[in-house]
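One structure is given below, encoded as structure tokens.
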Amino acid sequence: EWTFWHEDGSLRAREHHVNGEEDGLYQSWYSNGAPLDSVRMVKDKAQGLFTVHEYTGALRHRRTYVDSKANGPASYYHACGTLRYNTTLTDEKANGPTTGYYADGSKSWSGTLKDNMREGVFEDFHANGQLAARGSFLAGDRNGHFEEWFVNGKKSGEGDWLKGKRTG
């Protein structure tokens, strides 16, 4: 086992090695003693749940790793500890349905991501829950009909996009 300390003497990290390769639970801490991150290492590769925390101890994100690449469910959190958004990672990129949330837990946006970019219909919401915008994306660019609404629910605009440029 290897152990590392901060200059003030507080525990900074612990890691385990077998036959010259990192193998076992890796953990690190901030100088205030709050957890920083942890992941299981198998033959020098991160495997399984990887968690990262804020200096306050609040969870920042949790991702699943396979052979040191983020693959699988991933959740990201606001600094206050509430869920910011969920997604699925494939080779380090967000893919599939995803939903974002405001710090108070109300829905902020929802849609599908493909290679970290918006794909298909996306909806954005005001903090009061009212729909703020709805439109389609293609490879991250606005593409198709878009509508937008004021916080009171009254429509504020609409129009069409083609490959990220306004048309019509």
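When the stretch 47-70 is filtered for residues that are in a strand (DSSP E or B) and charged (D, E, K, R), the ones remaining, listed by number, are ARG60, ARG62, ARG63, LYS69.
Quick one: which strands (runs of 3 or more DSSP E) sit completely within the stretch 71-155 and have at least 1 residues that are under 27 Å from ARG166 (Cα atoms), open to solvent by 30 Å² or more (accessible area, probe 1.4 Å) and not basic (Lys, Arg)? Spell out how you get there, then give the answer.
Values: elements: 83-90, 93-101, 107-114, 117-125, 131-138, 141-149.
Per the criteria, 93-101, 107-114, 117-125, 131-138, 141-149.
Taking first residues from the stretch 82-95 that are among the charged types (D, E, K, R) and partners that are open to solvent by 30 Å² or more (accessible area, probe 1.4 Å), the Cβ contacts under 6 Å between residues at least 6 apart in sequence or on separate chains come to ARG84/TYR77; ARG84/HIS78; ASP91/LYS69; GLU92/LYS69; LYS93/ASP115; LYS93/ASN116.
Among all positions in the stretch 21-28, there is no residue which is surrounded by 14 or more Cβ atoms within 10 Å (Cβ to Cβ) and closer than 27 Å to GLY129 by Cβ. A single entry from VAL66, VAL121, VAL52, VAL151 fulfils the requirement of being modelled with pLDDT of 95 or more and closer than 30 Å to VAL39 by Cβ: VAL52. Of all residues in the stretch 156-168, those satisfying the criterion of being open to solvent by 100 Å² or more (accessible area, probe 1.4 Å) and on the phi > 0 side of the Ramachandran plot are LYS163, GLY168.
Entry remark, the stretch 111-146: residues being over 15 Å from TYR85 (Cα atoms), of a type outside the set (Gly, Ala, Ser) and in contact with a strand residue (DSSP E or B) (Cβ under 9 Å, 6 or more places away or on another chain) number 15 in total. Apart from one condition, ARG14 fits all of (1) touching a His at 6+ places or on another chain (Cβ under 9 Å); (2) free of Cβ contacts under 8 Å to residues at least 24 places away in the same chain; (3) crowded, with 16+ Cβ neighbours inside 10 Å; the exception is (1).
Pairing each residue of the stretch 147-165 that is of a type in the set (S, T, N, Q) with any residue that is modelled with pLDDT of 95 or more, provided the two are 6+ apart or on different chains, yields C-beta distances under 7 Å for SER156/GLU148; SER156/TRP149; SER156/PHE150.
The values are calculated or read from the model by the stated rules, or taken from the named source; none is laboratory data. This is a predicted model, so every value here is computed, not measured. Virtual Cβ from ideal backbone geometry, glycine too; neighbours counted across all protein chains shown. Accessible surface is based on the protein model in full, side chains and every heavy atom, while ligands, DNA and RNA are left aside. Shrake-Rupley method; radii C 1.70, N 1.55, O 1.52, S 1.80 Å.
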